[in-house]
Amino acid sequence: VQLQASGGGLVQAGGSVVLSCAASRSIVGIDGMGWYRQAAGKQREFVASISVGGRPIYANSVKDRFAISRDNGEKTVLLKMNSLKADDTALYYCYAYWRSQQYWGQGTQVTVSS
């Protein structure tokens with residue numbers, strides 16, 4: 001499965017942005033989908049995931065600020081990011097875990113200016 005991430009950009013602190021991850025195939029059978037991020041000089045870290053049934057899991061650092069959702073019909077997973085902070089600046093990668101394999105999108109940059 002190929003994943004195309006989009007929606008990043010430059011946003012002011014306190015602002016919002018929506019990231020989109022479009023899959024090349026139906027995501028109905030893909031249970032694990034979500035997002036990781038990697039800031040400059042740091043390791044990639046988990047941000048959020050969503051199961052096929054719509055159950056979300058969030059990193060503590062983004063809980064109550066980010067919301068993940070999936071649209072099986074549109075084959076997309078969205079990450080709505082609110083109340084953005086400078087610490088949220090990173091390259092955001094979407095992923096899918098399907099048939100025991102991890103697939104990654106190409107990443108989309110989110111830069112939060114203070």
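The values are calculated or read from the model by the stated rules, or taken from the named source; none is laboratory data. The structure displayed is predicted, hence computed values, not measured ones. Backbone-built Cβ (ideal geometry, glycine too); neighbour counts: all protein chains shown. Surface accessibility is based on the protein's heavy atoms, side chains included, excluding ligands, DNA and RNA. Shrake-Rupley method; radii C 1.70, N 1.55, O 1.52, S 1.80 Å.
With viscosity set to 1.306 mPa s at 10 °C, what whole-number translational diffusion coefficient in µm²/s follows for the stretch 71-114 from Stokes-Einstein and a Kirkwood radius over Cα pairs?
128 µm²/s
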Rg/Rh for the chain, where both radii come from Cα atoms and Rh is the Kirkwood radius
0.95
Pick out, from G107, S49, Q12, the residue whose Cα sits farthest towards the positive end of the charge dipole of the chain, with +1 on the Cβ of Lys and Arg and -1 on the Cβ of Asp and Glu.
S49
When the chain is treated as a GNM, springs tying every alpha-carbon pair under 10 Å, which of K42, K63, K80 comes out with the largest mean-square fluctuation?
K42
Give the ranking of Y58, Y97 by solvent-accessible surface, highest area first, calculated with a 1.4 Å probe.
Y97, Y58
Neighbourhood charge, 14 Å Cβ-Cβ cut-off, centred on A48 and excluding it, Lys, Arg +1 and Asp, Glu -1:
+4
